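We did not get these values from a lab; they are worked out from the coordinates using the rules stated. Because the structure is predicted, anything quoted here is derived from the model rather than measured. As a convention, Cβ positions derive from the backbone with ideal geometry for all residues, glycine included, and neighbour counts pool all protein chains shown.
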Amino acid sequence: MDLGISGRRAAVAASSAGLGLGAARALVADGVHVAVNGRDPERLRQAVAELAALDGGSVHAVPGDVGSAAGAQAFVAGSSAALGGIDILVPNGGGPPAGGFDDTDLDAYGAAVEHGLLPTVAMCQAAVPFMRAQGWGRVVAITSVSVRQPIPGLILSNTVRAGVTGFLKTLALEVAPHGVTVNSVQPGSHATDRLRALHGDDLSRAAAGVPTGVLGGADDFGAAVAFLCSDQARFITGAALPVDGGASRALQ
């Protein structure tokens, strides 16, 4: 299906690997010009080379750490300079450390907000005014299914991701009249470095908790992100879409 976004310009944060790379791959394949971001120069180089080999849009490396508001703003500024503007923004970033109520200090919550919430706000503040002025834009943030169904042992992530979702929902309502949609995609268990950090190399237990019986793939996830960036998705905004193989039991 032609998504109607060929030639658009996208900034995809934390996209040198994992789900961010899956989103970048789907957008490039549909003809979108994409700014790819990461902290590791070699991994970023490899990601750009892989994406550039696709028959699609151009690819631009914007190195840096989006784990702070300043880093997030710098990423958007660098992407806009490389692309000549930003039509599509995909906020993304690593999750805070694991832990429960009893073993998580109060100070950790402030750090989690600083690294897990404020960068998304900063990216949107830097990119959305341009989208609103031109009358077209897409923000599709990568969050977590923990927003819908909290994950035991991840109290910081559960808390901060919910804050991100509240911010995005509010932003969606404010910019909807200007042709800008704001949505989030909630990954469940996907075969990523983050999941390996939590479960080790044996991911069979993680897969056993997914009704489909298998872990998600980065490309399947990326396809969902790309659709929400499409012209066909123009009437979808303020949504939080679970991409989790049916793992979430919540009704909404």
Exercise. State the volume of the convex hull built on the alpha-carbon positions of the range 1-59, expressed per residue in Å³ and rounded to an integer.
Key: 63 Å³
Practice problem: Enter the Cα centre distance for the pair the range 1-62 and the range 111-168, rounded to the nearest angstrom. | Solution: 20 Å
Self-check item: Relative contact order %, the range 41-104, counting alpha carbon pairs below 8 Å whose residues are six or more apart
Solution: 21 percent
Practice problem: Calculate how steeply helix 41-52 sits against the longest principal axis of the alpha-carbon atoms of the chain, using the helix alpha-carbon long axis, and give the answer as 0 to 90 degrees to the nearest 10. | Solution: 60 degrees
Exercise. Would you order Arg132, Arg249, Arg9 from fewest to most other beta-carbon atoms within 10 Å of each residue's own beta-carbon?
Key: Arg249, Arg132, Arg9
Quiz prompt | For the chain: relative contact order, % (alpha-carbon pairs under 8 angstrom, 6 or more apart) | solution = 21 percent
Quiz item: What is the set of long-range amide H partners of Ala141 at a cut-off below 5 Å, with H atoms built 1.01 Å from backbone N?
Solution: Asn183, Ser184, Val185
Quiz item: Using alpha carbons only, how many degrees (0 to 90, rounded to 10) separate the axis of helix 155-175 from the longest principal axis of the chain?
Solution: 30 degrees
Quiz item: Ignoring the sites themselves, what is the longest stretch of the chain with no chymotrypsin sites (Phe, Trp or Tyr not before Pro) in a DSSP loop and at most 13 other beta-carbon atoms within 10 Å?
Solution: 102-234
